[in-house]
Amino acid sequence: MSKKEQIAKIKILAVFKSFLWCVVILLFPIMSGTLSAILSLNTIQTLFLQGMFMVFALIPPVVLVLIGKWNLKEIVFPHFDFQGCISALYFIPLLMIFVPPALKGFYIKSPVYVFGSLFLYLFVGITEEVYFRGIIPKYLKECFSEKEIILLSSFVFAIGHIASAFSCNSVFEVILSVFNAFIFGWVAIETVILSKNIIPVILIHFFFDFETKIVVMKESELLIAETVRGALMLIMAIWLAVVIKKEKEKQVKEILK
C-alpha cells in the first residue's frame with residue numbers, strides 16, 4: 001500500500017469514527033422518545049425522561065476517560081485558559097442570534113415545564129458539545145487540517161439533526177433546520193478553536209435550544225425568526241473564520257521573530 005493510500009485509509013477511518021459517535025448520541029434521544037411513546041408520558045414527564053437519557057449519553061465518554069483511554073483535554077473539556085477567556089470577547093456579537101425569536105417576548109407555561117426544559121436543554125448542550133465539538137474533532141484532527149475539521153464536524157452535526165428536522169411541516173422548514181444546524185456547528189467549532197474552552201459553546205447551545213421553547217411567536221413568525229437567525233449565524237461564522245485566520249497569522253509572526 002502506497003503512502004497516499006495509507007493517508008486516504010486513515011482519513012476514511014477518522015470520518016467513519018466521527019459518524020459512529022454521531023450514531024451513538026442519536027441512540028439516546030431515539031430510546032427516550034420510544035420509551036415515552038410506549039409509556040404514554042405527558043409533556044413534563046417526557047422532558048425529564050429525555051433529559052435523563054442525555055445524561056446517560058455522557059456515560060461512554062466518561063468511562064473512556066476513567067479507564068485512561070482518553071484524556072479530558074483530548075475532548076476539549078473545560079480548562080482554564082487566560083488567553084481563551086480574552087478570546088471569548090469575540091463572541092459578544094454572537095448574542096445577536098438570541099434577538100429574533102425573543103422580539104415578542106416569552107411565555108412561561110408552568111414552573112415545572114420551565115424546570116423540565118432547563119434540565120433537558122442544559123444536558124443537551126453539555127452532551128452534544130462533548131460529542132460534536134470534543135470527541136468528533138478529536139478523531140478528525142489526527143489527519144485533517146483545521147479548515148477541514150470545521151467543515152466535516154459541522155456536516156456531521158447537521159446530519160445528526162436530520163431526524164428531528166423531519167418533524168417540521170414543510171420542505172422549507174426541513175432545509176432551514178438542517179442548514180441552521182450546519183451553521184450552528186460551524187460557529188460552535190470556531191468558538192472552541194478560539195477560546196480553547198468548551199464552556200462558552202455549551203452555554204450558547206443551551207440558551208439557543210431553551211429559548212425556542214418559551215417564545216410566544218406563532219409557528220409562521222418563528223419560522224421567519226429562525227431564517228433571520230440562520231443569516232446572522234452565517235455572518236458570525238464567516239467573521240470568526242477571519243478572526244481565526246488572523247490569530248494564526250499572528251502566531252506565525254511571533255514564531256518567526
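The values are calculated or read from the model by the stated rules, or taken from the named source; none is laboratory data. The structure displayed is predicted, hence computed values, not measured ones. FYI the Cβ positions are ideal-geometry reconstructions off the backbone, even for glycines, and counts take in every protein chain you see. Heads up: the accessible areas ignore ligands, DNA and RNA and are worked out on the full protein's heavy atoms, side chains in. Shrake-Rupley method; radii C 1.70, N 1.55, O 1.52, S 1.80 Å.
Structure summary
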| item | result |
| --- | --- |
| Enumeration of residues in the range 1-29 that are part of a helix (DSSP H, G or I), hydrophobic (A, V, I, L, M, F, W, C) and farther than 17 Å from residue 132 by Cβ | 7, 8, 10, 12, 13 |
| Failed item in (1) open to solvent by 10 Å² or more (accessible area, probe 1.4 Å); (2) modelled with pLDDT under 90, with residue 186 passing the rest | (2) |
| The range 202-221, residues that are in contact with a Ser or Thr (Cβ under 8 Å, 6 or more places away or on another chain) and at pLDDT below 90 | 213, 214 |
| Which numbered condition residue 132 fails, given (1) free of Cβ contacts under 8 Å to residues at least 12 places away in the same chain; (2) among the aromatic types (Phe, Trp, Tyr); (3) open to solvent by less than 20 Å² (accessible area, probe 1.4 Å) | (1) |
| Selection from the range 1-27 of residues that are touching a residue at least 40 places away in the same chain (Cβ under 8 Å) and within 24 Å of the chain's Cα centre (by Cα) | 11, 14, 15, 17, 18, 19, 21, 22, 24, 25, 26 |
| Criterion (part of a helix (DSSP H, G or I), open to solvent by less than 40 Å² (accessible area, probe 1.4 Å) and either under 30 Å from residue 47 (Cβ atoms) or aliphatic (A, V, I, L, M) (or both)) met by exactly one of 179, 206 | 206 |
| The lone exception for residue 225 - which of (1) buried (at least 16 other Cβ atoms within 10 Å of the Cβ); (2) within 30 Å of residue 247 (Cα to Cα) it fails | (2) |
| Looking only at the range 116-146, and only at residues there that are among the charged types (D, E, K, R) and more than 11 Å from the chain's Cα centre (by Cα), the one that is farthest from residue 70 (Cα to Cα) | 146 |
| Tally, over the range 89-111, of residues that are part of a helix (DSSP H, G or I) and open to solvent by 20 Å² or more (accessible area, probe 1.4 Å) | 10 |
| Total residues in the range 139-161, condition open to solvent by 10 Å² or more (accessible area, probe 1.4 Å) and farther than 18 Å from residue 205 by Cβ | 12 |
| Residue count for the range 177-200, restricted to those that are closer than 16 Å to residue 158 by Cα and in contact (Cβ under 8 Å) with a residue 60 or more places away in the chain | 1 |
| Search result, residues across the range 149-166 that are at pLDDT 90 or above, touching a helix residue (DSSP H, G or I) at 6+ places or on another chain (Cβ under 7 Å) and of a type outside the set (Val, Ile, Thr) | 152, 153, 154, 155, 157, 158 |
| Check on residue 225, in contact with a helix residue (DSSP H, G or I) (Cβ under 7 Å, 6 or more places away or on another chain), among the small types (Gly, Ala, Ser) and over 19 Å from residue 101 (Cα atoms) | no |
| Matching residues in the range 213-222 - criterion: being surrounded by fewer than 16 Cβ atoms within 10 Å (Cβ to Cβ) and either in a helix (DSSP H, G or I) or not charged (D, E, K, R) (or both) | 216, 219, 220, 221 |
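The rows are residues; the columns are (1) surrounded by 15 or more Cβ atoms within 10 Å (Cβ to Cβ); (2) within 23 Å of the chain's Cα centre (by Cα); (3) not in a loop (DSSP other than H, G, I, E, B).
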| residue | (1), (2), (3) |
| --- | --- |
| 33 | yes, yes, yes |
| 37 | no, no, yes |
| 41 | yes, no, no |
| 45 | no, no, yes |
| 48 | yes, yes, yes |
| 54 | yes, yes, yes |
| 62 | no, yes, yes |
| 70 | yes, yes, no |
